[in-house]
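Peer 1: Structure below; questions to follow.
The values are calculated or read from the model by the stated rules, or taken from the named source; none is laboratory data. If you're wondering where the values come from, they're calculated on a predicted model, not measured in any experiment. Every residue, glycine among them, receives a Cβ derived from its backbone with ideal geometry; neighbour counts consider all protein chains shown.
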Amino acid sequence: MSVPGLDIRLLDIPATIADDDGSFAEMVRVRNETEAAALGSFDLAPDPAGLLVEYHDRWFDRRIWVARVEGRIVGRAFVELPLEEGARIAVVEVEVHPDWRGRGIGSALLELGEGQAAQAGRRTLQAWPIHTRGNDGGERLAPPTGFGTLPAGDPGVRFLRRAGWTLEQIYRISRIDLAESTARTADALRRGREGAGDDYDVLVWAGATPPEREEDQAALYARMLTDAPSAGLVVDPEEWTPERVRDTDSRAEQGGYLLVTAAARHIATDRLVGFTNVYIPSDRRRPADQGDTLVLKEHRGHRLGLLIKAALHEAVPVHSPETTAITTFNAEENRYMLDVNEALGFVPIGYQGVWQKSLPEAR
Ligand SMILES: CC(C)(COP(=O)(O)OP(=O)(O)OC[C@H]1O[C@@H](n2cnc3c(N)ncnc32)[C@H](O)[C@@H]1OP(=O)(O)O)[C@@H](O)C(=O)NCCC(=O)NCCS
């Protein structure tokens, strides 16, 4: 190894943040500094307790290997294996703090991550890194979707191409300032209600899904995978049950998040046909994370997407007066969702590449 004192090992995931010996929190700090170097802000940075609950999601095996130099964390490899029956993919992502790049640490971490995926029998690898915007007029790389480009000179773009990965899709990261967009929210609510007419209304709740709505919520989560644009990506199935909805809601609470949901109800059948939610972190002044948004295909064309998102923007300050902003990720080709978000006042703050690599059967 060309870096003296480099040590790469599996990170112990503490049961709760109170059980952390400091390593998990240090990993999160380095992770967030690395992300901010590409994004240009700490808008997305999760806190340790908030990130920890993702490692206690029973439907995924998520692990982190940390690279340390003389005891200090300088980078990490993240490997996620969906645990559903028949799952084929593995997410493999590596990050090296900007102060420690160009020494082979990233390559060592990627070799380890790809090896872990191969050992688990996963042949399709995916990565979702955030890239620099590179507005310097240099060469750009476009995915086959034809929507969006990345700077070819970005360190992550160079690194993944060299390692045999293919860019499949680009996600736009956007942010909204809630106080600045109140007039847009009001206008969107009016237009949304017009489109919904007497057929639909909106239910808003904070915290766990009401028990009588768990079944509908499970069906909506299951449709996220089939109804959102996924370009040329291999998509593993996800089975959603009321139990999984309860588990998801309770992990959000354990992570210190306030989950606020707005759902569209088809009045005649009393069924939920769309929903959108945000995760407000324990420091309520930090930007909230947009969770999922979906309107079932068979109920599209009634401005329900606009209606539920505007209802959510109206509800967030009611449940959390200190919250001033929301961030969201959307596929660059998802024009319907981007139209809604742009109308509400979201502006782009960065881009995420969606990468894939197929491993040969025998390695
Ligand atoms: C992409 C990333 C992980 C690379 O980390 P790194 O530690 O710099 O990776 P390496 O050192 O192995 O390789 C980086 C470059 O240094 C070169 N290099 C590797 N070892 C070297 C050494 N000993 N001496 C000089 N250069 C070296 C590599 O050839 C590579 O060159 P290239 O950019 O021309 O292709 C890092 O830039 C990063 O964290 N970016 C943000 C997150 C991201 O984009 N991740 C992508 C994967 S999901």
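Peer 1: Would you check which residues across region 238-254 are touching a strand residue (DSSP E or B) at 6+ places or on another chain (Cβ under 8 Å) and at pLDDT 95 or above and list them?
Peer 2: If the condition is that a residue be touching a strand residue (DSSP E or B) at 6+ places or on another chain (Cβ under 8 Å) and at pLDDT 95 or above, then D249, A252, E253 are the ones that fit.
Peer 1: I would also like to ask the following. Between a first residue in region 258-276 that is under 30 Å from D47 (Cβ atoms) and a second residue that is charged (D, E, K, R), which pairs have beta carbons less than 6 Å apart while being 6 or more apart in sequence or on different chains?
Peer 2: Once the first residue is under 30 Å from D47 (Cβ atoms) and sits in region 258-276, its partners that are charged (D, E, K, R) give T276/K309.
A quick yes/no check of all residues on (1) near the ligand (Cβ under 7 Å from one of its atoms); (2) in the same structural domain as F24 (by TED's automatic domain parsing); (3) under 16 Å from L160 (Cβ atoms); (4) crowded, with 17+ Cβ neighbours inside 10 Å:
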| position | (1), (2), (3), (4) |
| --- | --- |
| V66 | no, yes, no, yes |
| R72 | no, yes, no, no |
| L81 | no, yes, no, yes |
| A90 | no, yes, yes, yes |
| G104 | yes, yes, yes, no |
| E111 | no, yes, yes, no |
| G115 | no, yes, no, no |
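Peer 1: Of the conditions (1) out of contact with any strand residue (DSSP E or B) (no Cβ under 8 Å at 6 or more places or on another chain); (2) within 27 Å of D177 (Cα to Cα); (3) away from the ligand (no atom under 16 Å from the Cβ), E54 clears all except one; give me its number.
Peer 2: Result: E54 fails condition (1) only.
Peer 1: Of everything in region 309-348, what is β-branched (V, I, T) and either surrounded by fewer than 20 Cβ atoms within 10 Å (Cβ to Cβ) or in a strand (DSSP E or B) (or both)? Give them in sequence order.
Peer 2: Scanning region 309-348 gives V318, T324, I326, T327, T328, V347.
Peer 1: For R122, which of the numbered conditions (1) near the ligand (Cβ under 8 Å from one of its atoms); (2) surrounded by 21 or more Cβ atoms within 10 Å (Cβ to Cβ); (3) among the basic types (K, R) fails to hold?
Peer 2: Result: R122 passes all but (1).
Peer 1: Right, here's the next one. Of a type outside the set (A, V, I, L, M) and either more than 13 Å from G156 (Cα to Cα) or free of Cβ contacts under 8 Å to residues at least 24 places away in the same chain (or both), is that true of T124?
Peer 2: Yes.
Peer 1: Also, I was wondering about something else. Could you grab me the full set of residues in region 143-178 that are assigned to a loop (DSSP other than H, G, I, E, B) and among the β-branched types (V, I, T)?
Peer 2: T145, T149 - these are the residues of region 143-178 that are assigned to a loop (DSSP other than H, G, I, E, B) and among the β-branched types (V, I, T).
Peer 1: Going by what's in this entry, would G138 be described as small (G, A, S) and touching a Gly at 6+ places or on another chain (Cβ under 8 Å)?
Peer 2: Against the criterion (small (G, A, S) and touching a Gly at 6+ places or on another chain (Cβ under 8 Å)), G138 qualifies.
Peer 1: Determine if region 299-307 includes at least one residue that is surrounded by fewer than 20 Cβ atoms within 10 Å (Cβ to Cβ) and either of a type in the set (A, V, I, L, M, F, W, C) or within 30 Å of L52 (Cα to Cα) (or both).
Peer 2: Looking for residues that are surrounded by fewer than 20 Cβ atoms within 10 Å (Cβ to Cβ) and either of a type in the set (A, V, I, L, M, F, W, C) or within 30 Å of L52 (Cα to Cα) (or both), one finds none in region 299-307, hence no.
Peer 1: So, in region 47-65, of the ones that are in contact with a helix residue (DSSP H, G or I) (Cβ under 9 Å, 6 or more places away or on another chain) and among the acidic types (D, E), which residue ends up farthest from E84 (Cα to Cα)?
Peer 2: Per the criteria, the residue is D47.
Peer 1: Would you check if G291 is in a helix (DSSP H, G or I), under 24 Å from R175 (Cβ atoms) and not polar (S, T, N, Q)?
Peer 2: Judged against the criteria, G291 is not a match.
Peer 1: Which residue pairs have Cβ atoms closer than 6 Å, lie 6 or more positions apart in sequence or on different chains, and pair a first residue in region 220-234 that is over 17 Å from Y171 (Cα atoms) with a second residue that is in a loop (DSSP other than H, G, I, E, B)?
Peer 2: Y221/W240; A222/W240
Condition check ((1) of a type in the set (S, T, N, Q); (2) over 19 Å from L225 (Cα atoms); (3) over 19 Å from the mean Cα position of the chain (by Cα)) across all residues:
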| position | (1), (2), (3) |
| --- | --- |
| V260 | no, yes, no |
| R265 | no, yes, yes |
| A268 | no, yes, yes |
| T276 | yes, no, no |
| Y279 | no, yes, no |
| R286 | no, yes, no |
| G291 | no, no, no |
| L294 | no, no, no |
| G301 | no, yes, yes |
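Peer 1: Working carefully through the options A231, A208, find the one that is assigned by TED's automatic domain parsing to the domain that holds A264, outside any helix (DSSP H, G or I), closer than 23 Å to P46 by Cβ and small (G, A, S).
Peer 2: Criteria check complete, one pass: A208.
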